[in-house]
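Q: Below is a structure I'd like to ask you about.
The values are calculated or read from the model by the stated rules, or taken from the named source; none is laboratory data. Everything numeric here is computed off the predicted structure, so don't read it as measured data. Positions of Cβ are backbone-derived with ideal geometry, glycine not excepted, and every protein chain shown enters the neighbour counts.
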Amino acid sequence: MTDEELVRRLQAGDPVAFETLYEQYQNLIVRTAALITGSRQEGEDLAQECFLRCWQQIGTLRDPTRLKSWLLTILTRSAWRADQKRKREMPVEELWEGETGESSLDAVLRREDERQLYRAIRALPDKQRTIIVLYYFNDLSVREIARITGRLEGTVKSRLFSARRALRSALGDEYETGQEVPDL
Amino acid sequence: MKDNNLDQMIHDTLRTCGDAVEPSPALRTRVLANAEPRQKKHVSPFRRAVVVCAVAAALAITGAVATSGVTGLRSAISLNKMTDDYDTLAAQVEQQVSADVIFPETLGDAAFRKGYVDVVEKLGENQTSLGTFHELTATYDLDGSRIELNAYVFDPEVEGEAWGTDGKEVREVNGVDVTYALDHYRSVPVGYEFTEEELAAEEAHEIIYSVGSDEVEDDWFAFVSWEQNDICYFIADYDNVFEPDALFDLAAEIIQ
């Protein structure tokens, strides 16, 4: 089913279409949410909120071809809200401890430098980390990320630049080259 | 190692971690079980004369609200609260107003220029204070023209009765009722003696007065207002450069 048809049926209140939406987008949303939060459980909680907000607010989506971007917009806003709430409620030292051991997302990484990189991504400020995930995992352009996050393209580029500089620094001198944001 | 290798490594690392995540069967059950039938939200037109707050350092707005004992609002602009840093203001909005406020860095083709979060005081009879609330005021620039966005948490004491439909238009934008209005504001000095005609015009909701300016000034401001997710929004066109359609389009950017 195309996104246009899916949106049309969702806006008509078709519960079967909602199930189809979930099937089509569950991997994208859950995986993106898990990478942003660094936790499978929190990722699933965010994904649930994202799908339910989509169901309730689908009437506000004017351009059906933007369904995927719109879902990611809902997801990032929900993630940032959750992050704010967590910062208010949790001691700083516990903020990014997250899951450890086999349940940790980086348990599948075999190389130490990749684990080191993953830890550095986790340590980024939430908005930088979100933009890194959207750029490198979701393969979105700077323009698309700007639209999704409601930020200027210059802000997105600036955050990408800062994040990459922090990641280079975390990985050591052999990565200390280049300054430009590449066009993926 | 070249930077491209870093990019590839970030990409591969996130791919490896992300693709290993499989949504649990329990999530499917949670999501589908909680998708309740939708109910269309009907929002009554409401209004509040926030746009005049910028014309003087401190203004009491009379007649702007009409319910629950609140007879006016007072806002004092503190210049030291003003910031042109979007991220700083966004953080203040999340902490002081609400994390549910949608505060974009761009509005249409206009870019954020400056803004602040301020405390607005609810006034009762004899100017007694009935409490306060926090409000975002953000200014956007478009080719030298100024657009202002206000947002605050819905407060039934503040949202007065609808002031009639003259000069107003209500459209459904992305499922939310948005009200357009072109209102006449008159700022007057403290101690100004209102004429019978002026008081009658206020009574008829034809004009909104604010007290605290150096001299009598008349302005006409167009704005759109709506309530969404318990947040009240106003977008004001100070320079009267936007047609109603354009203001509704700006509202749609936030409601979307």
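Q: For residues in the range B:65-111 being over 28 Å from A:D83 (Cβ atoms) and of a type in the set (S, T, Y), which is modelled with the lowest pLDDT?
A: Among those that are over 28 Å from A:D83 (Cβ atoms) and of a type in the set (S, T, Y), it is B:T67.
Q: In the range A:101-139, which residues are buried (at least 22 other Cβ atoms within 10 Å of the Cβ) and more than 11 Å from chain B (Cβ to nearest Cβ)?
A: The answer is A:T130, A:I131.
Q: Which one is nearest to the other protein chains (Cβ to nearest Cβ) among residues in the range B:119-131 that are surrounded by fewer than 21 Cβ atoms within 10 Å (Cβ to Cβ) and of a type in the set (D, E, K, R)?
A: Out of the qualifying residues, it is B:E121.
Q: Kindly provide the set of residues from the range A:100-139 that are part of a loop (DSSP other than H, G, I, E, B) and under 23 Å from B:Y86 (Cα atoms), ordered by number.
A: Answer for the range A:100-139, where residues must be part of a loop (DSSP other than H, G, I, E, B) and under 23 Å from B:Y86 (Cα atoms): A:A123, A:L124, A:P125.
Q: Which pairs have Cβ atoms under 9 Å, sit 6 or more apart or on different chains, and link a residue in the range B:101-121 that is of a type in the set (S, T, Y) to one that is part of a loop (DSSP other than H, G, I, E, B)?
A: Correct list of pairs: B:T106/A:G150; B:T106/A:R151; B:T106/A:L152; B:Y116/B:I77; B:Y116/B:S78; B:Y116/B:M82.
Q: Taking the options A:R62, A:R66, A:R31, A:R53, name whichever one is within 7 Å of chain B (Cβ to nearest Cβ) and under 23 Å from B:I254 (Cβ atoms).
A: Values: A:R66 fails: within 7 Å of chain B (Cβ to nearest Cβ); A:R31 fails: under 23 Å from B:I254 (Cβ atoms); A:R53 fails: within 7 Å of chain B (Cβ to nearest Cβ).
Only one candidate qualifies: A:R62.
Q: So, one more: State the number of residues belonging to the range A:61-73 that are buried (at least 19 other Cβ atoms within 10 Å of the Cβ) and either touching a strand residue (DSSP E or B) at 6+ places or on another chain (Cβ under 9 Å) or without any contact (Cβ under 8 Å) to a residue 24 or more places away in the chain (or both).
A: Within the range A:61-73, residues that are buried (at least 19 other Cβ atoms within 10 Å of the Cβ) and either touching a strand residue (DSSP E or B) at 6+ places or on another chain (Cβ under 9 Å) or without any contact (Cβ under 8 Å) to a residue 24 or more places away in the chain (or both) number 1.
Q: Quick check, is A:R159 exposed (fewer than 15 other Cβ atoms within 10 Å of the Cβ) and modelled with pLDDT of 90 or more?
A: no
Q: Still on this model: When you scan the range A:127-137, how many residues do you find that are of a type outside the set (A, V, I, L, M, F, W, C) and either in contact with a Lys or Arg (Cβ under 6 Å, 6 or more places away or on another chain) or more than 13 Å from A:A34 (Cα to Cα) (or both)?
A: Number satisfying all stated conditions: 4.
Q: Might you check whether a residue that is at pLDDT 90 or above and at the interface with chain B (Cβ under 8 Å from one of its Cβ atoms) occurs anywhere in the range A:81-100?
A: no
Q: Those residues that are facing chain B (nearest Cβ under 7 Å) and under 19 Å from the mean Cα position of the chain (by Cα), I need them from the range A:13-26; list them, please.
A: Within the range A:13-26, A:Y22, A:Q26 meet the criteria.
Q: For the range A:140-152, what are the residues that are hydroxyl-bearing (S, T, Y), assigned to a loop (DSSP other than H, G, I, E, B) and surrounded by 19 or more Cβ atoms within 10 Å (Cβ to Cβ)?
A: Correct list: empty.
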